[in-house]
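**Student:** I have a structure I would like to understand better, so I am pasting it below and will then ask my questions one at a time.
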Amino acid sequence: MELSLIKGHGSGNDFLIINEILNEVHLTESDRAKLAQLLCNRETELGADGILFVMSSERADGRMRVFNADGSEASMCGNGLRLVARSICELYGKNEAIIETMKKDLKVRKQEELYPNVHTYQVEISPVLFELKALPLNLNKTTLYNETIKELSSDLKFTALAVPNPHLISIVDSGVLMSDVQQTISEKVNGPNHLFPDGVNVSFVKPIQSNTIYVRTYERGVGFTNACGTAMSASSLVTCLQGINEFEKMIDVYNNGGRVQCIVHKDGEKYYIDLIGNATYLYEASVKVDLEQMSFSVTSKKEFTEQDAYEKLQAEAKQFLNETIKG
């Protein structure tokens, strides 16, 4: 099997993009899982957090399926969706599109550059679910909003929600943020435990100034990550619910991978978030794959130069964080 692919990243969260619309191959469910396990291995020439399969859709402009490096399928990925948005928009010469995902068809559009020469896309993050059964979280209540969980901490307050990935979010000060509390809690709820049988993404959020926050996320199955798109979106929503930030106003969200922007919308009793950030291409490659032998070779590779601009954004974000919360 011969495949063409592009490697790209959203906020440092890197993926291999396989466009099934352009590749003249038929992939089975087993093929997709095996490709993720094979090509995403960091010890190989490629390596990535996962594979984004770009597919045709009967009801939208395109379809996204996300397979993690271990071969499991994720229901949603905010950082990955920006890359798929770019892929579909450029393929069809559009500035906006609808992308079919596992849970919902989502609006995406090309945006003004977040930073000079950084390709920027806005993607919709929804649905937002507060029912604990949606995560799931096993507590004797229906929802958890800014409350303690005695098994985890007597001091910290948490909000639980799914977007649709499960998230546990706490607003903290710099002292808590720089301690080992987040790691201790995160490892507990992502190991064998009765609270979160499927694990959960744990984010600590530090408000910096008006409409500006820092989000540090422990991603289930991964550990501490430079950035998690759904976590940054969910964290922005929680700050609006608590009156720290405002609905319908742009929020700058800093992370260890750089910076994105979020706008939280309230529509009656429902919420959705616009996530705005980079969709950076690193290189395109052709690979020859033997799934029976679980081996592959790279037959050609062409580097892009977009990363240079993104690294300048990263450097400015890092300097800002050092001056505000880490200095």
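**Student:** Only four residue types carry charge here, +1 at the Cβ of Lys and Arg and -1 at the Cβ of Asp and Glu. Report the dipole size of the chain about the Cα centre in Debye, rounded to the nearest 20.
**Tutor:** Dipole size: approximately 560 debye.
**Student:** Using a probe of 1.4 angstrom, how much of the accessible area of the chain is carbon and sulfur, in percent?
**Tutor:** Solvent-exposed carbon and sulfur of the chain make up 43 percent of the total.
**Student:** Nearest 5 percent is fine: what portion of the DSSP beta bridges confined to the range 138-234 is antiparallel?
**Tutor:** Taking every DSSP beta bridge within the range 138-234, about 75 percent pair in antiparallel fashion.
**Student:** Top to bottom by accessible area (1.4 Å), largest first, where do Tyr283, Tyr271 land?
**Tutor:** Tyr271, Tyr283
**Student:** Could you state the principal axis extents of the C-alpha atoms in the range 117-168, from the largest down, to the nearest angstrom?
**Tutor:** 47, 23, 13
**Student:** If you take the alpha carbon radius of gyration of the range 149-231 and divide it by 2.2 N^0.38 Å, what ratio comes out, to two decimals?
**Tutor:** 1.03
**Student:** Now for a different question. What whole-number value in Å² describes the accessible area per residue of the range 278-327 for a 1.4 Å probe?
**Tutor:** With the other protein chains kept in place, the range 278-327 gives 60 Å² per residue.
**Student:** Separate question: Report, largest value first, the span of the C-alpha coordinates of the range 55-155 along each principal axis, in whole Å.
**Tutor:** Taking max minus min along each principal axis of the Cα atoms, the range 55-155 gives 52, 34, 26 Å.
**Student:** If I take the Cα coordinates of the range 1-123 and project them onto the principal axes, what are the three extents in Å, biggest first?
**Tutor:** 36, 33, 26
**Student:** Further question on the same structure: About the Cα centre, and with charges only on the beta carbon of Lys, Arg (+1) and Asp, Glu (-1), how big is the dipole of the range 180-327? Nearest 20 debye, please.
**Tutor:** In total the dipole reaches around 260 debye.
**Student:** As I understand it, the dipole of the chain uses +1 on the Cβ of Lys and Arg and -1 on the Cβ of Asp and Glu, about the Cα centre. Which of Tyr271, Tyr218, Leu3 lies farthest toward its positive end?
**Tutor:** Projecting each Cα onto the dipole axis, the largest value belongs to Tyr271.
**Student:** Please work out the average accessible area per residue across the range 1-135, using the 1.4 Å probe convention, and give it in Å².
**Tutor:** Roughly 43 Å² per residue, with all protein chains present.
**Student:** Follow-up. Tell me, what is the Rg over Rh of the chain, with Rh the Kirkwood radius over Cα pairs?
**Tutor:** 0.96
The values are calculated or read from the model by the stated rules, or taken from the named source; none is laboratory data. Just so you know, these numbers come straight off a predicted model, no measurement behind them. Glycine gets a Cβ as well: all are built from the backbone with ideal geometry, and neighbour counts include every protein chain shown. Surface areas here come from the heavy atoms of the whole protein model, side chains and all, with no ligands, DNA or RNA. Shrake-Rupley method; radii C 1.70, N 1.55, O 1.52, S 1.80 Å.
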